[in-house]
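Participant: Here it is, the structure in full.
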Amino acid sequence: MKKIISCVLMFSFVIAFTMFLTACNNHSDVKTSEHKIKIGDVPYTSLTEAVDNAKSGDTIKIYHDVRDKKNVIIDKPLNIEGVLSSNQVKPKYYGSLTINLGGSEDSTSVENIELIHAGVNNDGKNNDTTIGINLIDGGLTLKSSVISLDDNSTPSQNATGVVLSRKANSENIMPIVIKGNEFGNYKASKDTQSGALLVLSNKHGVYQNLNLNSMELSEQNSFASEPGGNQYIYISYATTPSTYDYLVTSSADEFINTLTSRQSKNGSTIKVAPNSLSITPPKDIVIDEKSNVTIDGDTPFDMQNINLYVKGTLTINSPIENANISRNSDTASIVVKENSMVENASIK
C-alpha cells in the first residue's frame, strides 16, 4: 500500500513539475512579446497599433526589434523611445515615420532607435517607405538614433533619410532638434531631392523660422561618406531649378551642378569631399560673390582642368589636381590649408 501511495505521489509530482515548467515557458514567451512595444504597462505587437491606441503626449517604448515594414502616420504629439539593451544596443525599427501635427505646440520626439527603411513607394501611404522620417508639420526632436536604408531593398533614386518641412500656413512654434544621430549612405541625384538629411522650404529664409541652424545640422550629426555621392544635408527652396543655401556632398556631380546652376544669390555654403569627377564638367565655373565653398577629404580631387573663377570664398582642405583657380573680384578669398597637395593646378 505504501508503495502505491509513493508511486501516486511521485507521479503527481512529475505532472505538477511539468506543468510548472510549461507555465514558466509560456510566461517567458508572453513577457517577451509584451515587452516588444509598450505604452505604460500595455503591450502592442506593432508600432502602428501602438500609435493608433496612444493618447496625445503618451510615450511609446520599444524594447526589441520590430519589423513593421510600414509607414506609420503620426498625427498627434507622441514620444517614441528605444530602450537600450544591457550592452547598450538600440532596438531596430524596420519601417518609416510620417509626422503631421496640427496644433501650434504639438511636437514628437524620437530617441535611441535604429530606424531602417526600404526606401520604396508601394501602393498606399502606409506602404510608402521612401523617406525614413518625414516631418510635414509640427515640432520634432530626433536624438541618438540611426537612420539608414535596408541592405536587402532596392531603394528608389529619391530615397531620403530625414526630410524636414512645414506647411506654408503652419502655426506650429515648436523647435526642431536633430542632434547626435548617425545617417547611413544615401545617393545624391541632381534630378531628385534626396539625401541623408533634407530641409525643404517654400522660399528663401523660411527655414530659419523653424529654429534650424544648417551648420549645427551638419556638425552635430554623423554622416556616411561612401564613394558615389552620399549627400549629407541640403536646404532647398521651391524654385526651378532648386537653389541651395547649404549643401554638403561627396558627389562631384552634384557639386558641379550646384556651382553651375544652383547657388543661392542670397549666399550659399557648399562643401564637397569627393573621390573624383564622374562627369565632364563645364570649362568655366564661377563661385558667386556670396558663396562659401570648401573642398575637404584625403583623396585627391581631380578637377579635370576646369577654370574656377572665385568671386566669393574658396577653402581648400584636401589634395586637388588639374585646375586653374583665379580670383575674379575684389571680394574673392582663396585659402589653401597648410600641407594641402596642389598638383598640376594653378592658383592666382
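Nothing in this text is a laboratory measurement; each read-out follows from the coordinates by a stated rule. All of these numbers come straight from a predicted model, not from anything done at the bench. All Cβ positions, glycine included, derive from the backbone under ideal geometry; neighbour counts span all protein chains shown.
Participant: For the chain, what is the convex hull volume of the alpha-carbon atoms per residue, in Å³? Spell out each step's value before the answer.
Facilitator: On the way: hull volume 60.7 nm³, N = 348.
Each residue corresponds to 174 Å³ of Cα convex hull volume.
Participant: From the residues Ser214, Ser225, Gln304, which one has its Cα farthest along the dipole of region 184-313 in the positive direction, the dipole being from +1 and -1 charges on Cβ of Lys/Arg and Asp/Glu about the Cα centre?
Facilitator: With unit charges placed on the Cβ atoms, the residue in question is Ser214.
Participant: For each of Val206, Val199, Val72, Val335, count neighbouring Cβ atoms within 10 Å of the residue's Cβ, then give the residues from fewest to most.
Facilitator: Fewest-to-most Cβ neighbours within 10 Å comes out as Val335, Val206, Val72, Val199.
Participant: Express as a percent, rounded to the nearest 5, the fraction of DSSP beta bridges in the chain (both residues included) that run antiparallel.
Facilitator: On the way: 12 of 93 bridges.
Percent antiparallel among DSSP bridges in the chain is about 15.
Participant: Provide the net charge surrounding Asn202, with neighbours chosen by a C-beta distance below 10 Å and charges set as Lys +1, Arg +1, Asp -1, Glu -1.
Facilitator: For residues surrounding Asn202, the net value is +3.
Participant: Can you give the local net charge around Ser276? Use residues other than it whose beta-carbon is closer than 12 angstrom to its beta-carbon, Lys and Arg +1, Asp and Glu -1.
Facilitator: That sum, taken over residues with Cβ under 12 Å, equals -3.
Participant: Under unit Cβ charges (Lys, Arg +1; Asp, Glu -1), what dipole magnitude, rounded to 20 debye, does region 266-348 have relative to its Cα centre?
Facilitator: 220 debye
Participant: Using the Karplus curve 6.51 cos²θ - 1.76 cosθ + 1.60 with θ = phi - 60°, what ³J(HN,Hα) values do you get for each residue of region 67-83, in whole Hz, with x for Gly and Pro?
Facilitator: Result, rounded to whole Hz: 10, 5, 6, 10, 9, 8, 8, 10, 10, 8, x, 9, 10, 10, 10, x, 9.
Participant: Another question about this same structure. Which net charge results when you count Lys and Arg as +1 and Asp and Glu as -1 among the other residues whose beta-carbon is under 15 Å from that of Ile173? Display every interim value, and only then the final one.
Facilitator: Numbers: positive: Arg166, Lys167; negative: Glu105, Asp106, Asp137, Glu171.
With Lys, Arg at +1 and Asp, Glu at -1, the neighbours total -2.
Participant: So which trypsin sites (Lys or Arg not before Pro) in region 244-273 are both in a DSSP loop and have at most 16 other Cβ atoms within 10 Å of their Cβ? List each step's numbers first, then the result.
Facilitator: Values: sites: Arg262, Lys265, Lys271; in loops: Lys265.
Listed in order of number, the matching sites are Lys265.
Participant: DSSP beta bridges in region 140-256, what fraction antiparallel, as a percent rounded to 5?
Facilitator: On the way: 6 of 22 bridges.
Beta bridges within region 140-256, antiparallel portion: roughly 25 percent.
Participant: Label-point separation (nm) for Thr239 and Ser86, each offset 7 Å from Cα along Cα-to-Cβ?
Facilitator: 5.8 nm
Participant: I want to check the label-to-label distance for Ser56 and Asn126. Put each point 7 Å from Cα in the C-beta direction and report it in nm to one decimal.
Facilitator: Here the modelled spin labels are 2.4 nm apart.
Participant: Loop by DSSP (not H, G, I, E, B), at most 15 other beta-carbon atoms within 10 Å: where is the longest site-free stretch of the chain for GluC sites (Glu not before Pro)? Before the final figure, lay out each step's value.
Facilitator: On the way: sites that count: Glu105, Glu171, Glu338.
Of all site-free stretches, the longest is 172-337.
Participant: Counting pairs of alpha carbon atoms under 8 Å apart in space and at least six apart in sequence, what relative contact order in percent does the chain give?
Facilitator: It rounds to 8 percent for the chain.
Participant: Give the calculated FRET efficiency between Ser276 and Asn328 to the nearest 0.05, with a Förster radius of 25 Å applied to their Cβ-Cβ distance.
Facilitator: In this case the efficiency is close to 0.50.
Participant: Would you mind ranking His204, His64, His117 by Cβ crowding within 10 Å, fewest neighbours first? Don't skip to the answer; put the middle values down first.
Facilitator: Numbers: His204 17, His64 14, His117 29.
Ascending number of Cβ neighbours within 10 Å: His64, His204, His117.
Participant: Still on this structure, please answer the following. Using a 10 Å cut-off around each Cβ, can you sort Met341, Met303, Met174 from fewest to most neighbouring Cβ atoms?
Facilitator: Ordered by Cβ neighbours within 10 Å, fewest first: Met341, Met174, Met303.
Participant: Of Asn266, Ser251, Gly132, which is farthest along the charge dipole of the chain in the positive direction, counting Lys and Arg as +1 and Asp and Glu as -1 at C-beta?
Facilitator: Farthest along the dipole direction, towards plus: Gly132.
Participant: Right, here's the next one. Angle between the Cα long axis of helix 2-34 and the longest principal axis of the chain, 0 to 90 degrees, nearest 10?
Facilitator: 20 degrees
Participant: Rank Asn172, Ser156, Val199 by how far each Cα sits towards the positive end of the charge dipole of region 133-260 (+1 on Lys, Arg Cβ; -1 on Asp, Glu Cβ) and give me just the farthest.
Facilitator: Highest projection toward the positive end goes to Asn172.
Participant: At 7 Å along the Cα-to-beta-carbon direction for both Ala224 and Asp151, put a label point, then send me their distance in nm to one decimal.
Facilitator: With each label placed 7 Å out from Cα toward Cβ, I get 1.0 nm.
Participant: While we're here: So, with +1 on the Cβ of K and R and -1 on the Cβ of D and E, and no other charges, what is the size of the charge dipole of the chain about its Cα centre, to the nearest 20 debye?
Facilitator: In debye, rounded to 20, the chain gives about 640.
Participant: HN-Hα J couplings of region 308-322 from phi, Karplus 6.51/-1.76/1.60, θ = phi - 60°, integer Hz, Gly and Pro as x?
Facilitator: 9, 9, 9, 9, x, 10, 10, 10, 10, 10, 8, x, 10, 9, 6
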